[in-house]
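The values are calculated or read from the model by the stated rules, or taken from the named source; none is laboratory data. What you see is a predicted model; the values in this text were computed from it and never measured. Here Cβ is always computed from backbone atoms with ideal geometry, including for glycine, and neighbour counts include all displayed protein chains.
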Amino acid sequence: MKTTIARTLYLFLLGVFVASSGSAQTVGAPAAIYKSETEIVEALNAAANNSTSAAGVSITISPGISVRRRMSGVLQYAVMHPYSVEIYRILEGSGTLVTGGSLRLPLADSPSEDVVRTEHGIEGGLERQVSAGDILVIQPGTPHWFTSIDGESITYMESRVRISTAPIQFQ
C-alpha cells in the first residue's frame, strides 16, 4: 500500500513538473512590456484623428513612458515640469525645440502640479533643430517649447520621471 501511494505521488509530481516545464514563464520576474511599432502607430493615428490638443496625442507604454506625437498647425504650449526630468528620443519627423530661458507670462491653466505652461513662449533659451535619432534630457524646472514642427508631425518617446519633492524653478 505504501508503495502504491508513493508511486501515485511520484507520478503526480512528475506530471506537474513536465506540464509546467513546457509552458510560459510562471516564476521569477515578469516578462518585458512590449508594444510593436504597428500597435503604436495605429493607436497614435486613431488618437490623432480625434484630437486638436496642443500636447498632441500619446500612447502610454508603461507609467512614465509614452510615445507622443505633436501635430503642426496647432498651438504649442511652452512648458516646464518643476518636479520631473524628461528624456526625449525623437522617432520620426523634425522641428525646432527651444530649451532653457524663462516662460513668458501670463501662465495658462495647468492639468497638474507638474506641468507649468504658457501660450506665450519662452524668453531666451537655446533653439535647436531636432530630428529622428536625437536624444534630449530636460532637467526639472527647464522650460521647453516646440516653436515649429516640420511637415505634419513629430513623434518621440518620452520618459518623465518625478525626481524631486520640492519644485525646481529657475524663474
Search result, residues across the range 149-168 that are surrounded by 14 or more Cβ atoms within 10 Å (Cβ to Cβ), touching a strand residue (DSSP E or B) at 6+ places or on another chain (Cβ under 8 Å) and not hydrophobic (A, V, I, L, M, F, W, C): Asp150, Ser153, Thr155, Tyr156, Glu158, Ser159, Arg160, Ser164
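Quick one: in the range 62-76, which of the residues that are part of a strand (DSSP E or B) and either free of Cβ contacts under 8 Å to residues at least 60 places away in the same chain or more than 20 Å from Ala31 (Cα to Cα) (or both) is nearest to the chain's Cα centre (by Cα)? Steps first, answer last, please.
Start the filter on the range 62-76 by keeping residues that are part of a strand (DSSP E or B), which leaves 62, 65-71.
From what's left, either free of Cβ contacts under 8 Å to residues at least 60 places away in the same chain or more than 20 Å from Ala31 (Cα to Cα) (or both): 62, 67-71.
On the way: Ser62: 8, Val67: 5, Arg68: 7, Arg69: 11, Arg70: 13, Met71: 17 Å.
Going through the qualifying residues, I end up with Val67.
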Out of the range 77-112, which residues are surrounded by fewer than 20 Cβ atoms within 10 Å (Cβ to Cβ), among the small types (Gly, Ala, Ser) and part of a loop (DSSP other than H, G, I, E, B)? Gly100, Ala108, Ser110, Ser112
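Considering Arg162, Arg128, Arg117, which residue is out of contact with any helix residue (DSSP H, G or I) (no Cβ under 6 Å at 6 or more places or on another chain), at pLDDT 95 or above and basic (Lys, Arg)?
Numbers: Arg162 fails: at pLDDT 95 or above; Arg117 fails: at pLDDT 95 or above.
Arg128 is the lone residue from the list that is out of contact with any helix residue (DSSP H, G or I) (no Cβ under 6 Å at 6 or more places or on another chain), at pLDDT 95 or above and basic (Lys, Arg).
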Are any residues in the range 18-35 more than 21 Å from Ser62 (Cα to Cα) and either modelled with pLDDT of 55 or more or of a type in the set (Gly, Ala, Ser) (or both), and if so, which ones? Ala19, Ser20, Ser21, Gly22, Ser23, Ala24, Thr26, Val27
